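First up is the structure itself, then whatever we jot down about it.
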């Protein structure tokens with residue numbers, strides 16, 4: 001599949017994605033070589049939402065950060081999040097900072113209104129700082145995937161958490177900017193098997209996936225100078 | 001603080017929250033007993049979003065699940081998420097299922113339109129199934145916090161990932177329903193130090209926080225029969 005994209009300047013998005021998605025979603029009856037039977041969730045598309053849940057909102061993902069100053073600078077100045085609310089709990093030794101994209105209006109100045117506003121904003125990240133962690137040497141927290149940070153034996157963990165993911169109008173342009181701002185990439189858009197998406201690390205090492213808001217396109221060169229036909233393989237490290 | 005709420009049927013929400021938040025956000029110059037200086041992010045409220053990032057969208061949080069049938073049933077039927085998109089990648093041995101709240105319209109039937117729709121939906125959860133994991137005995141993945149699952153030495157990890165969090169119109173009503181549906185709670189609304197919020201576990205053990213969309217209220221009894229003045233302490237288990 002990747003070879004077919006190699007020499008094309010900007011591959012027709014729909015074609016590229018159709019290739020990427022191939023084989024098309026298979027049905028329950030299809031047996032895999034590994035004897036795994038694919039699960040077909042198609043009936044859920046037609047499922048009525050339980051009426052009691054109709055106003056529920058996926059409001060937050062909480063991750064702990066070593067140093068809030070560094071993390072907020074990254075999420076706000078590099079990734080374009082906005083600060084929605086913060087709270088200090090000195091009696092319990094932690095503080096939380098909510099950041100989000102796509103706010104429906106200005107953050108209210110009134111504390112109560114700000115709380116309500118935050119609790120109705122989908123997709124916030126709750127950055128949690130346990131006071132004192134900023135004084136630690138090196139990385140503090142296990143970041144999911146096959147990370148060994150935060151273990152007693154130094155061995156990689158079979159992590160469930162994978163990444164946070166943002167979508168952007170143009171992955172290549174966004175990554176050029178991230179590169180200029182000094183981001184660490186674990187995958188530039190043209191490296192690995194899936195072209196047109198990237199992974200950068202946040203200051204604690206959490207992975208941030210960068211995906212397009214529209215069709216998945218491939219450009220001839222990415223921010224690291226990797227050609228569409230080139231790039232080292234990107235390995236999912238989830239199988240510790 | 002909790003004692004002051006104990007005998008009140010439904011505590012005035014603003015008062016309760018004001019108490020909960022006390023002390024009010026402290027400023028940079030305030031020194032903690034532990035010598036930690038609180039970080040004051042207030043200037044970020046006034047920060048202009050970098051223009052290149054204005055359309056960025058916090059679109060996804062990816063977590064691995066052992067069995068997609070079980071997980072999708074939980075997220076959709078219990079938590080009220082809707083299936084937005086799924087993709088099978090048998091060549092790479094995994095499938096992904098995107099679920100979200102608050103869709104702006106029906107999920108498009110057309111595959112390309114569905115992709116675009118999904119990539120513009122904030123706060124999706126990307127449930128990732130590595131084919132074959134469903135055949136494992138017991139829990140497969142480390143779920144963050146101080147979990148020992150997925151380690152080689154069986155010791156708790158200093159996990160960075162904390163939880164996903166949903167907001168609901170009424171935490172107590174939502175939890176009554178969750179209880180009837182057989183959810184496992186790690187904190188019912190009246191247990192622990194923070195009244196009016198709860199934590200349930202998803203099928204893999206990931207924590208789901210349940211918070212109100214409006215003011216934080218306390219009711220005299222919760223779904224587990226715990227009185228507002230009662231309840232065992234809920235300990236943050238992040239400090240492995």
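No value in this document is a laboratory result; all are computed from the given coordinates. Note that this is a predicted model, so its numbers are computed, not measured. Using ideal geometry, Cβ is built from the backbone for each residue, glycine included, and neighbour counts are taken over all protein chains shown.
Which of the three applies to region A:162-240, rounded, prolate or oblate, going by the alpha-carbon gyration tensor with a ≥ b ≥ c and a/c under 1.5 meaning rounded?
Working: a/c = 1.38, a/b = 1.17, b/c = 1.18.
Rounded shape, in that the Cα axes give a/c under 1.5.
How far, in nm to one decimal, is residue B:42 from itself in the other copies if the label point is set 7 angstrom along Cα toward Cβ? Shortest first, please.
5.8
Share of Cα-Cα pairs in region B:47-86 beyond 14 Å, in percent?
Details: 504 of 780 pairs.
Above the 14 Å cut-off, region B:47-86 has 65 percent of its Cα pairs.
Rounded if a/c is under 1.5, else prolate if a/b is larger than b/c, else oblate: which is region B:56-135, with a ≥ b ≥ c the root eigenvalues of its Cα gyration tensor? Don't skip to the answer; put the middle values down first.
Working: a/c = 1.85, a/b = 1.40, b/c = 1.32.
Verdict is prolate for region B:56-135.
Tell me, what is the FRET efficiency for residue A:181 and residue B:37 to the nearest 0.05, using R0 = 30 angstrom and their Cβ-Cβ distance as r? Provide the component values of the computation, followed by the final result.
Numbers: r = 27 Å, r/R0 = 0.89.
That pair, residue A:181 with residue B:37, gives E of 0.65.
How many nm separate the modelled label positions at residue B:116 and residue A:109, each set 7 Å beyond the Cα in the direction of the Cβ?
Label at residue B:116, label at residue A:109, 4.1 nm between them.
Cα centroid distance between region A:104-131 and region B:71-102, in Å?
The distance from the Cα centre of region A:104-131 to that of region B:71-102 comes to 27 Å.
Between residue A:153 and residue A:45, 0.36 nm times their residue separation minus their Cα-Cα distance comes to what?
Full-extension gain reported as 34.5 nm.
Over all residues in B:171-179, what is the mean tally of Cβ atoms on other chains that come within 10 Å of each residue's Cβ?
Details: counts 0, 0, 1, 3, 0, 1, 3, 1, 0.
Counting Cβ atoms of other protein chains within 10 Å of each residue's Cβ and averaging gives 1.
Would region B:83-128 count as rounded, prolate or oblate if I go by the C-alpha gyration tensor, calling it rounded below 1.5 in a/c and otherwise prolate when a/b exceeds b/c, oblate otherwise? Walk me through the numbers on the way to the answer.
Working: a/c = 2.75, a/b = 1.57, b/c = 1.75.
Note, shape of region B:83-128 comes out oblate.
Among A:153, A:137, B:88, which comes first, then next, by fewest other beta-carbon atoms within 10 Å? Intermediate values should be presented prior to the final figure.
Working: A:153 12, A:137 5, B:88 23.
Listing A:153, A:137, B:88 from fewest to most nearby Cβ atoms yields A:137, A:153, B:88.
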